[in-house]
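Reviewing the structure listed below.
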Amino acid sequence: MNGLVLVRRAGAADLPLLPAVELAADRLFAAAGIDLPAGAADVAELAAAACVLVAGRPPVGFARLEVLDGNAHLEQLSVHPDHARRGLGTALLGAAVARARAEGFGRLTLTTFDDVPWNGPWYRRRGFTDARPGPELLRHRRAEQESGLDDLGRRVCLELLLDPPP
């Protein structure tokens, strides 16, 4: 990446490459003792997302944004482990925040494992705090619980309050 990270909106040709990025990134959880359920977002889900941002050409990381409770919601942020620790996650998060802010959202929410270093603590260092979940985010959390994610580690809802665009 040569120090400069280009984040762009995903094109149709990028979408089929993203499930492999997600699956590779998810393998890192095994090292943390978390055996995630098999499967990644499919191309149809990604195409239907409110916004998908990618880093790299071909993509080696992506952020998937949705809208829940009238807020931007970071549904997924994945970076291929072969490209980790180069600022891609930070660049993708920054682009997601900028996108949400530009679209007039007041908050960016997400759900994550609270104790995994590159999840809860990473987001908290970037200004996220415990969220006040609305009904859609609560439904999302219930779906996560029903899928067994809460059995793998403590999950939390986090939010970042967004300033209006300048």
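The values are calculated or read from the model by the stated rules, or taken from the named source; none is laboratory data. For clarity, every value in this text was computed on a predicted model and none was experimentally measured. Note: ideal-geometry Cβ built from the backbone for every residue, glycine included; neighbour counts use all protein chains shown. We work out accessible area using only protein heavy atoms, side chains counted, and drop any ligands, DNA or RNA first. Shrake-Rupley method; radii C 1.70, N 1.55, O 1.52, S 1.80 Å.
Could you tell me what percent of the accessible area of the stretch 65-108 is made up of carbon and sulfur, with a 1.4 Å probe and every protein chain present?
Numbers: 870 of 1890 Å².
That fraction is 46 percent.
A DSSP coil position with no more than 16 other Cβ atoms inside 10 Å describes none of the chymotrypsin sites (Phe, Trp or Tyr not before Pro) in the stretch 112-166. Accessible surface ranking for Arg9, Arg101, Arg107, 1.4 angstrom probe, highest first: Arg9, Arg101, Arg107. Counting only the Cα atoms, the stretch 26-166 fills a convex hull of 118 Å³ per residue.
Using the Cβ-Cβ distance between Gln145 and Ala32 with R0 = 22 Å, the FRET efficiency computed as 1/(1 + (r/R0)^6) comes to roughly 0.65.
Counting heavy atoms of the protein chains only and a 1.4 Å probe, report the per residue accessible area for the chain as a whole number of Å².
Values: 8490 Å² over 166 residues.
Accessible area per residue, the chain: 51 Å².
For the chain, the relative contact order works out to 21 percent when only alpha carbon pairs closer than 8 Å and six or more residues apart are counted. Legend: residues Arg57, Arg141, sorted from most to least accessible area (1.4 Å probe; ligands, DNA and RNA excluded), read Arg57, Arg141. Computed from the C-beta positions of Leu23 and Asp163 and an R0 of 35 Å, the FRET efficiency is 0.50 to the nearest 0.05.
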